[in-house]
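This report concerns only the one structure given below.
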Amino acid sequence: MLFLGKPGGGRNDVDPRFISLFSVFNQTFPAEESLYQIYNSILRGHVQPFVKEIQELVPHVTRMTMQLYRYSSVVLVVVVVVVVVAVVVLIVIEIRSSLGGDIIRLSNN
């Protein structure tokens, strides 16, 4: 059994000649409501031995967990973009300062 994600993030394209040696099945990622049903069912099964009050919290915990995951991935993208922009700005400042110093030294000669 072999699982392949989309290329990127350290994953490379797989040669079609290699893939032709396998039976290939494509499964798209489930919709959010399907994920909710899957995770809710699993968690509901785990909390069956607990009191009724805890069992009633399962749908809320499932929704909050899914929202946290969705927002954390957005926050991660924003943080990466901010870091990249900051690095680019620092590189530009360094280049300007080093070039500016050379121009000043040349003009004094």
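Quick rundown of the values:
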quantity	calculated
Top-ranked residue of the range 15-47 - restricted to ones that are surrounded by 10 or more Cβ atoms within 10 Å (Cβ to Cβ) and among the polar types (S, T, N, Q), ranked as farthest from the chain's Cα centre (by Cα)	SER41
Residue pairs meeting the criteria (Cβ under 6 Å; at least 6 apart or on separate chains; first under 30 Å from TYR69 (Cβ atoms), in the range 5-34; second part of a strand (DSSP E or B) and at pLDDT 80 or above)	none
Which listed residue is of a type in the set (A, V, I, L, M, F, W, C) and modelled with pLDDT under 80, from VAL24, VAL47, VAL58	VAL24
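The values are calculated or read from the model by the stated rules, or taken from the named source; none is laboratory data. All values derive from a computational prediction rather than experimental measurement. No Cβ is skipped: glycine too gets one built from the backbone with ideal geometry, and neighbour counts run over all protein chains shown.
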